[in-house]
Amino acid sequence: MNNEVQRLAYNINFEAASFFYIALLYFYLLKKYYNTSQINNTFRRLVLFQMTSIFFDVAASIAISFAKSVPLWLNVTLNSLYFASESFFYYTLHLLFLSFGVKKKFGAPLLFFSRLVLVAFMALLVANVPSGIFFSFQNGSYEHGKFYSLCLIIPLVFLFDCSLTFLMIKKRVSPQAYAVLLIMLVMSVLGPALQYLYFPNVLLTNFFSLVSLNMCLFVLVSPDYAELTKKKAELNELQKHLEAKAAIESEKIHKRDKQKELLSEQIINALAETVDAADSNRAGHTENVAEYSRKIAYMMSLPKSEVQKVYYTAVLHDIGIIGIPEEISTKAGGFTEQEFEAMKRHSVIGERILSKITEMPEIAKNVRSHHERFDGKGYPDGLAGKEIPLCARIIAVADAYDAMTHERNYKRAMTAQEAKRELLAKSGSQFDPNVVAAALEVL
């Protein structure tokens, strides 16, 4: 009895180690062998059923060693699952052979026969529960039934199918692969035969299967994976090349965009200087309003792109003055009512001129609205509050501040403090309070 217990413990330890090994092999295949060819998919399933078979064999062996403590139904279930998973292993082995390619008129009958044997054996395993035709438990010990030999004959039937298939695929596989399949076939027969006849307490079946699976892994599947790895490396190299080329092209585009942006800014500034040059009272006005507007926009935490648009709009805010008669636009002193009405048209004229800039259509709209008042008493549309674009509200404050702090032929310049007090006084009526608050921080 002690020798039997020692042999059983040896087998359990050996199988447990085999299980962890085959589990590593299976998850390695799942992770690395991403090719979904029929051969690779079948090989994965073969490893899975081998792993399942070893697991249930270990579980059944442990349960048998404690047969008096383990419920009878659990012992029967574990042993039945072991035999079932072994059968699925050999059935999948036949599928592996078939996956190399067999003419339908031969392959279909062989596959049908394997499926018939599998279904029949599953039915017999179910029938074994009440009858004990394969195995049973008598007085707490595991006993072979009258038809126990079927548990070993069934795998041999599958292997017979494999042998017939093996003969048909010779011309479809390389000599190296064919040799490995032959070794696998021989070892699959030799393992259970030797175990049944001479070594009932040594797990030759699983050992031989593991050796066969390893040979298949490195001879049948690895070349395919190696080819995929090579292709993947080539793709990675191509990707790096394309990324480098894209980076160069992106840099070129960035430089062109910068050049376009610089050219646009220079053209905008040239247009603004044209307006200022026509009237000595306006010297530096456009530049000042643009800078003040930019500072206010930054203070209000506008995105960088919006700040830039505010700046461009401020540079062009008085472009419409070129459409006003010179005797009015350059007049020193106050305007008559008619002259003022004519002067008020400059914002509308500015919109018409700038409407040709299709890349930034909002510039034209903002220029039209930069003389609107927060209380709705401005021109040309009488917009109020947030109806007025934010950019126009910012320019209105910057424009007024610069006008107040610079001397004209018809008025003295205010100090910065006086101008700020004036802005504060008109906050909520002429100007947006939020814009005035930001302006007071940066001007």
I'd like the full set of residues that are open to solvent by less than 40 Å² (accessible area, probe 1.4 Å) and in a helix (DSSP H, G or I), limited to segment 324-338. ILE328, SER329
For TYR142, state whether it is within 19 Å of ASP57 (Cα to Cα) and modelled with pLDDT of 75 or more. no
Checked segment 351-360 for anything of a type in the set (A, V, I, L, M) and in a loop (DSSP other than H, G, I, E, B); matches are ILE357, MET360
Answer with yes or no whether ARG421 is open to solvent by 50 Å² or more (accessible area, probe 1.4 Å) and either under 27 Å from GLU341 (Cβ atoms) or out of contact with any Gly (no Cβ under 7 Å at 6 or more places or on another chain) (or both). yes
Could you give me the residue pairs with C-beta distances under 6 Å whose first residue belongs to segment 429-443 and is outside any helix (DSSP H, G or I), whose second residue is of a type in the set (D, E, K, R) and open to solvent by 50 Å² or more (accessible area, probe 1.4 Å) wherever it lies, and which are 6+ apart or on separate chains? SER429/ASP375; GLN430/ARG373
Being of a type in the set (D, E, K, R) and open to solvent by 20 Å² or more (accessible area, probe 1.4 Å) is the filter; apply it to segment 299-323 and report the residue that is farthest from CYS391 (Cα to Cα). LYS304
Might you let me know whether segment 105-120 holds any residue that is modelled with pLDDT under 80 and surrounded by fewer than 14 Cβ atoms within 10 Å (Cβ to Cβ)? yes
Consider only pairs whose beta carbons are under 6 Å apart and that are at least six residues apart or on different chains; among these, list those whose first residue lies in segment 59-75 and is under 11 Å from SER136 (Cα atoms) and polar (S, T, N, Q) and whose second residue is assigned to a helix (DSSP H, G or I) and at pLDDT 75 or above. ASN75/ALA63
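Name every residue in segment 58-84 that is among the hydroxyl-bearing types (Ser, Thr, Tyr), under 17 Å from VAL129 (Cβ atoms) and in contact with a helix residue (DSSP H, G or I) (Cβ under 7 Å, 6 or more places away or on another chain), in order of residue number.
SER80, TYR82 - these are the residues of segment 58-84 that are among the hydroxyl-bearing types (Ser, Thr, Tyr), under 17 Å from VAL129 (Cβ atoms) and in contact with a helix residue (DSSP H, G or I) (Cβ under 7 Å, 6 or more places away or on another chain).
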Residues in segment 394-401: is at least one closer than 25 Å to SER301 by Cβ and loosely packed, with under 15 Cβ neighbours inside 10 Å? no
Somewhere in segment 407-428, is a residue in a helix (DSSP H, G or I), touching a residue at least 60 places away in the same chain (Cβ under 8 Å) and among the hydroxyl-bearing types (Ser, Thr, Tyr)? no
Residue match in segment 131-139 (condition: assigned to a helix (DSSP H, G or I) and surrounded by fewer than 18 Cβ atoms within 10 Å (Cβ to Cβ)): yes
So if I check each of PHE160, PHE166, PHE89, which one is at pLDDT 80 or above and within 18 Å of LEU46 (Cα to Cα)? PHE89
Considering each residue of segment 361-375, count those that are open to solvent by less than 10 Å² (accessible area, probe 1.4 Å), in a loop (DSSP other than H, G, I, E, B) and either modelled with pLDDT under 90 or of a type in the set (Gly, Ala, Ser) (or both), and give that number. 1
Which residue pairs have Cβ atoms closer than 6 Å, lie 6 or more positions apart in sequence or on different chains, and pair a first residue in segment 116-137 that is under 23 Å from PHE66 (Cα atoms) with a second residue that is open to solvent by 50 Å² or more (accessible area, probe 1.4 Å) and of a type in the set (A, V, I, L, M)? PHE137/LEU72
Among the residues of segment 55-74, is there at least one that is under 24 Å from VAL173 (Cα atoms) and modelled with pLDDT of 80 or more? no
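The values are calculated or read from the model by the stated rules, or taken from the named source; none is laboratory data. Please read all numbers here as calculations on a predicted model, not as lab measurements. Cβ coordinates were reconstructed from backbone atoms using ideal geometry, including for glycine residues, and neighbour counts include every protein chain displayed. Areas reflect the complete protein model, heavy atoms only, side chains present, ligands, DNA and RNA absent. Shrake-Rupley method; radii C 1.70, N 1.55, O 1.52, S 1.80 Å.
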